[in-house]
Each structure stands twice: as C-alpha cells, then as structure tokens.
There are 2 protein chains.
Amino acid sequence: MINFKELLKEHGIPPSLQRIKILEYLHNFKTHPTADMVYQALMDEIPTLSKTTVYNTLKTFTEKGILVALSIFENEVRYEYNTEPHIHFKCFKCGRIYDISKTFECLKNEEIEGHKVLEHHINLKGICKNCLVKAGA
Amino acid sequence: MINFKELLKEHGIPPSLQRIKILEYLHNFKTHPTADMVYQALMDEIPTLSKTTVYNTLKTFTEKGILVALSIFENEVRYEYNTEPHIHFKCFKCGRIYDISKTFECLKNEEIEGHKVLEHHINLKGICKNCLVKAGA
DNA sequence: TTACTAATTTGTAACGGTTACAAATTAATA
DNA sequence: TATTAATTTGTAACCGTTACAAATTAGTAA
Ligand SMILES: [Mn+2]
Ligand SMILES: [Mn+2]
Ligand SMILES: [Zn+2]
Ligand SMILES: [Zn+2]
C-alpha cells in the first residue's frame, strides 16, 4: 500500500487533497486517461474540483517524473503512472490503449547517430484482441 | 523524377493543381511539416490556397497511404511522404525531427499478445547532434 | 484568537490546431 | 450552351489546453 502523501513530499510537492486524489487515481487505474477523464472521475469525490487544477497537477507530476505523458493519440495527451518501461498498443476500433510488456534495450542506447537519447516511445497500432473476436463472430 | 499527376491517378485521386503541389512539397521537403507549414510554404505559389484544402488533402493522402501521419508532438500532427520504414528522433531543444534509418523487424510481427499490429511508431527524444555541439561550446 | 501573508484552487476567457459546413468556383457532361 | 458534379474557399465552430486574476485555503506571527 503506497502512501501517496509521503510520495508527494519525497518529490518536493506539498500534498494537498486534490494532488493526493489525482495521484491516487493515476496509480490505481492504468487506463492511460486524459486530463478530462481524471476530472470526470474525481468530480463526485471532490465536487469543487476545477479542470485547471487537474491540468496543472498532471503537468507538475510529469515534470517531477511521477507520471509519463503519452502522445499516442493525435489531439490529446494521455497520462500514466511511471513504472517499468513498456510499450503501447492502440486499437483503431475501440480506441483502448494496452500495455505490452516488451523492452528494447537497444533503444536505451545513450547515443544514436550522434543524438543523445533521453526517452523512447514505441506505439503499436492495429486491432486489439477483443475487437478481433467481435469482428470474427 | 516522379510524375505526381500519375501517382495521384494511381491512387484514385483526381489530380488538381492544389493536390499536385501539396504532394510535390511533401515529397521534396522531408521536414515532417504540419498542415500550417505546408500552407505557408505554398501560399506564394498558389495565392488563393485555403488552409482547409491543405487539411483535407493531407487527410485524403494519409487515408490512401501516400503520406504517413506522425504524433510525435503533443498538439499537432506532422506529415511525411510514405517511404521505407524508419524511426524518428525529436530534439527537446530545437524541436527538429530527424529520420533514423533503423528498422525493427520484430515489430513487423503481425501479432503481439493477441493483438493484430498494423502500424508501429518509434519516437526517440533527447538532444540532437547540433544542439549538443552548441551546449558544449 | 486575530491579522497578515503565501500557497493553492477555482472559474472564465483566450489560444491554437482542427473540423464542419455552406457558398463560390472550377471541371465535367450533355 | 446549359446543367450537373467535383473541388476549393472562407468562416464559424469545436475541443483540448493554457493564461490569468479572483477566491479560497493553509501557514505564520502577534
Ligand atoms: Mn502504459
Ligand atoms: Mn521521417
Ligand atoms: Zn479494440
Ligand atoms: Zn536540436
């Protein structure tokens, strides 16, 4: 059981109620949500919550390395709790994003063609397991 | 020398002046431009050009497989002429996108964890060769 | 407690990339 | 030519995001 209040303090972020709840949500639900999805999910629990707070908090967490921002979709940013490196699969039909546990050591290469690599993102796209079954039926 | 008029016909797209020029630009300049960059670049040559036409045309070309849409940046879509598979490196400092000639046969795998893979995008991020030199100086 | 100050949150307006849509223009057909 | 279809254009709207000032809350010192 993670103490989110402590985790925030460790990253130098004063643990307000909003920040704790947002972090908690990203940790518990591995659905790669957008800022709006986080907002919608927490509205009931924190009725006064502002969407701006969600945006600001997600940005802060990402800068501090607690979260990772994903650019799989064209128009919107998705967030996830920063865990072990893995790659993503996005379904063209249902839009879901799946975690694929596959690592590419060769991309951790500090240098490639003279450029210094700090991050690498691998995004697969296609038809997911579930949608394949539906289509086949 | 490519005959863009013929190329469009082969893809079932009637070759208007606008469509030819937009395709020509994407083929000649491998800068992974946004829709707006294409628009700005062609304004002089086609003074009546509308930004909507650029957006529509890029979309059509992508659907027909002539172009590829990239989601490396958070907010905007980048386009490139569909050539041999390669990966991308985006510089955090200057924002340039570099082509890296490295292929991953293992990702061409039709199936991964039950999902059918149709596309794969590999995006590296860091500090590019040029910016490293400037920082070191 | 109270008064004061700093940090945080909130709500609204604005921004930027993109899309919807109808009017205008151009091309194709009879 | 007249008529029709395809294409382009311009404008307004959409949507995710950000800027910013006001409101609220938390922290501190009498
Ligand atoms: Mn993930
Ligand atoms: Mn490229
Ligand atoms: Zn699916
Ligand atoms: Zn650079």
Check: Could you list log10 I(q)/I(0) for the range B:1-74 at q = 0.18, 0.21 Å⁻¹, which the Debye formula gives when each Cα is one point scatterer?
Finding: -0.68, -0.94
Notebook entry, point to check: What are the ³J(HN,Hα) values, in whole Hz, obtained from phi via the Karplus relation 6.51 cos²θ - 1.76 cosθ + 1.60 with θ = phi - 60°, for each residue of the range B:66-76 in sequence order, with x given for Gly and Pro?
Noted result: 6, 10, 10, 9, 10, 10, 8, 7, 5, 9, 10
Checklist line | Residue pairs, from the table B:LYS5/B:LYS51; A:LYS30/A:LYS129; B:LYS30/B:LYS93; B:LYS64/B:LYS116; A:LYS64/B:LYS134, whose Cα atoms sit over 24 Å apart | finding: A:LYS64/B:LYS134
Notebook entry, point to check: For the range B:45-51, in order, what is each residue's ³J(HN,Hα) by Karplus, 6.51 cos²θ - 1.76 cosθ + 1.60 with θ = phi - 60°, in whole Hz (x at glycine and Pro)?
Noted result: 6, 10, x, 8, 4, 9, 5
Checklist line | Nearest-first distances (nm) between copies at B:ASN109, label 7 Å from Cα via Cβ | finding: 2.0
Next item on the list: Mind listing the label-point distances from B:GLY12 to the same position on all other copies, shortest first, one decimal in nm, points 7 Å along Cα→Cβ?
Entry: 5.7
Check: Computed from the mean reciprocal separation of all distinct C-alpha pairs, what Kirkwood hydrodynamic radius does the range B:87-136 have, in Å?
Finding: 12.7 Å
Note to self: Please list the three semi-axes, largest first and in whole Å, of the ellipsoid equivalent to chain A, using sqrt of 5 times the eigenvalues of its alpha carbon gyration tensor.
What the structure shows: 28, 23, 13
Margin query: Measuring nothing but label to label, 7 Å from Cα along Cα→Cβ, what are B:ASP36's distances to the other copies in nm, shortest first?
Written below: 2.1
Next item on the list: As a check on your grasp of the helix formula, calculate [θ] at 222 nm for chain A: sum -39500 (n - 2.57) over DSSP H runs of n ≥ 4, divide by the residue count, round to the nearest 500.
Entry: -10000 deg cm²/dmol
Checklist line | Square roots of 5 times each gyration tensor eigenvalue, C-alpha, the protein assembly as shown, largest first, Å | finding: 36, 23, 21
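Each value in this text was obtained by applying a stated rule to the coordinates, not by laboratory testing. Please read these numbers as outputs of a predicted model, since none were measured by experiment. Cβ coordinates were reconstructed from backbone atoms using ideal geometry, including for glycine residues, and neighbour counts include every protein chain displayed.
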